[in-house]
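To keep things clear, I will list the structure first and then write my remarks on it.
Every number here is computed from the coordinates shown, using simple stated rules; none is lab data. Everything quoted here is computed from the prediction, not taken from an experiment. Here Cβ is always computed from backbone atoms with ideal geometry, including for glycine, and neighbour counts include all displayed protein chains.
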Amino acid sequence: MSATANVRRSARASTIPPPPPTSAPAAPSLVVSTRRGPMDLTLLVTTLLLVIFGVVMVYSASAVFAGHRYGNPQYFLFRQVLYAVIGLVGLGFFARMDYQLLRRLTYPMLAVTVGLLVAVVAGFGHGAGGATRWLRLGPLRLQPAELAKVTLVLWLAHSLSKKGHKIRTFGIGFMPHAVMALAIMALCLRQPDFGSAVVVGLLTFTMLFVAGARTGYILGALGLILPVAVSLVRGAEYRMRRWMAFQNPWEHRHGIAYQLVESLISFGAGGTTGVGLGDSRQKLFFLPEAHTDFIGAIVGEELGFLGVCALLGAYCVVAWRGVRIALRAADDYGTYVAFGITTLLSLQVLINLGVAMGKLPTKGLTLPFVSFGGSSLAVDLVAVGILLSISRGASAEEDG
């Protein structure tokens, strides 16, 4: 049994009486059980504030660009609100659902997700910006890679929680999870989506480490993957250009590093308190696609260092509550799901802001709840709904 699970049980043992020997676990159901406790309101409120902040910032960053390209300054605002509503409906649904039902749906969800990824690389995907990552669903677009990250968390949690001490073995505890992660990473790379492939790999190794897999296996796999990653970068001209821009942005400020340099100028122009909400100069066709991957730079320019710190503080609250939910979860499955979702959101925040600040090479990852991005926003909100469902199960056990 993993150390994390033991810590979680120890934390609850002194306050939670053992269940009667004759009690039977309730079957997972879509109906809210009377035994389930209240959800984590701190996490819910923080998430809602981030979504509202994201809507405001997307409009601020995109109005001029949208007016020029589409003749409608509210073009991206309306779409962001639409996906936010879809995501909040999903959040409410999954928060009220017993998360154990997801365990019964693990393999169907995994099969559907892999099928969608295959459909994208098989020629049914919609391209933009030199990559083919989306599927059209009527007026909406779905990015299967975003869905794959959460589905992988659910599958890993299901698999890890039922293997117990066998997680320390190579053939049972490590290899199957590594193979599944590599398969999803390969499908992401075919789009190409190097950023999502990196997140999938880091997410898998983090969950294996938390579950108690041998560190030697994880380090060995990283040692094998690193040369492959280097060859992938060297083998693609656009990736090499990004690497060169990352290493010497000011040397290439009028060429391959133009977007990164404009992002750094945005942060510098903001100073301590910013130039004021809506008053960014960089969004006036200087910083390309300012409302998507580099929206953090607009936050830095308009709200300054203090605004960026406040945004990071909100993400820290989300991470804190996610870890708290994981440690207090009613079972190992809930612990692994909560750790996985918290890790996923945290990785995306660190990578996105790291790229915008020039600390990491450019990756096409959105800033959770804030960047313009339909699939990522909706999927991230659904993931928070699952966290809230796990928190309700923990509350019920503590109260009972």
- Would you mind checking the tilt of helix 175-189 against the longest principal axis of the Cα atoms of the chain, expressed as 0 to 90 degrees and rounded to 10? 20
- Query: Based on the mean of other beta carbon atoms within 10 Å per residue, what is the order of 162-171, 284-293, 55-64, most packed first?
  - Reply: 55-64, 284-293, 162-171
- Note on the structure: Between His68 and Ser231, the FRET efficiency computed from the C-beta separation at R0 = 41 Å comes out, to the nearest 0.05, as 0.55
- Item | Cα lying deepest toward the dipole's positive end in the chain, options Leu137, Gln348, Leu110, charges on Cβ | Leu110
- Message: Cβ neighbours within 10 Å, averaged per peptide: list 102-112, 143-153 in order, most packed at the top.
- Response: 143-153, 102-112
- May I ask you to list the aspartates and glutamates whose Cα is less than 12 Å away from that of Lys283, ignoring any residue fewer than eight positions away on the same chain? Glu262, Glu301, Glu302
- Within a Gaussian network of the chain (alpha carbon springs, distance under 10 Å), most fluctuating of Ile341, Ile390, Ile86: Ile86
- Filtered hits (lysines, Cα-Cα < 28 Å from Lys166, offset >= 8 within chain) -> Lys149
- Task: Note down the net charge around Thr366, summing +1 for each Lys or Arg and -1 for each Asp or Glu among other residues with Cβ under 9 Å from its Cβ.
- Result: -3
- Query: Taking neighbour counts of Cβ atoms within 10 Å as a proxy for exposure, in what order, fewest first, do Ile351, Ile218 appear?
  - Reply: Ile218, Ile351
- Amide H contacts under 5 Å for Gly125, placed H, 5+ residues apart: none
- Under 5 Å between amide H atoms, partner at least 5 residues away or on a different chain: which partners does Val275 have, H built in plane at 1.01 Å? Glu302, Leu303, Gly304
- Reduced Cα scattering model of segment 293-341, Debye log10 I(q)/I(0), q = 0.30 Å⁻¹: -0.98
- Query: Nearest 20 debye, what's the magnitude of the dipole of segment 143-241 about its Cα centre given +1 on Lys and Arg Cβ and -1 on Asp and Glu Cβ?
  - Reply: 280
- Calc'd 3J(HN,Hα), segment 349-361, phi into Karplus 6.51 cos²θ - 1.76 cosθ + 1.60 (θ = phi - 60°), Hz, glycine/Pro = x, comes to 5, 5, 5, 4, 5, x, 5, 4, 8, x, 9, 9, x
- For segment 82-95, Karplus-derived ³J(HN,Hα) couplings (6.51, -1.76, 1.60; θ = phi - 60°; whole Hz; x for glycine and proline) come out as 4, 5, 5, 5, 4, x, 5, 4, x, 4, x, 5, 6, 5
- Item | Which of Arg328, Arg392, Arg234, Arg141 has the fewest Cβ neighbours within 10 Å, and the rest in rising order | Arg234, Arg141, Arg328, Arg392
- Name the residue farthest towards the positive end of the dipole of segment 38-399 from the options Ile184, Gln282, Gly307, assuming +1 on Cβ of Lys and Arg, -1 on Cβ of Asp and Glu, about the Cα centre. Ile184
- Query: Relative to the Cα centre, what is the charge dipole magnitude of the chain, using +1 at the beta carbon of each Lys and Arg, -1 at the beta carbon of each Asp and Glu, and rounding to the nearest 20 debye?
  - Reply: 880
- Message: Give me P(r) over the chain, computed from all C-alpha to C-alpha distances, binned every 20 Å, as integer percentages.
- Response: 26, 57, 16, 0
- For the chain, find the longest principal axis of its Cα atoms and tell me its angle to the long axis of helix 258-270, 0 to 90°, nearest 10. 80
- Note on the structure: Helix 106-119: inclination vs the chain longest Cα principal axis, degrees, rounded to 10, gives 20
- Note on the structure: About its Cα centre, segment 297-400 carries a charge dipole, from +1 on Lys and Arg Cβ atoms and -1 on Asp and Glu Cβ atoms, whose size in debye to the nearest 20 is 260
- Message: Within 10 Å, Cβ to Cβ, of Lys162, how many net charges do the neighbouring residues add up to if Lys/Arg are +1 and Asp/Glu are -1?
- Response: +2
- Message: Spelling out what I want: for every residue of segment 304-314, take phi, set θ = phi - 60°, compute 6.51 cos²θ - 1.76 cosθ + 1.60 (Karplus), and round to whole Hz; glycine and proline get x.
- Response: x, 4, 5, x, 5, 4, 5, 5, 4, x, 5
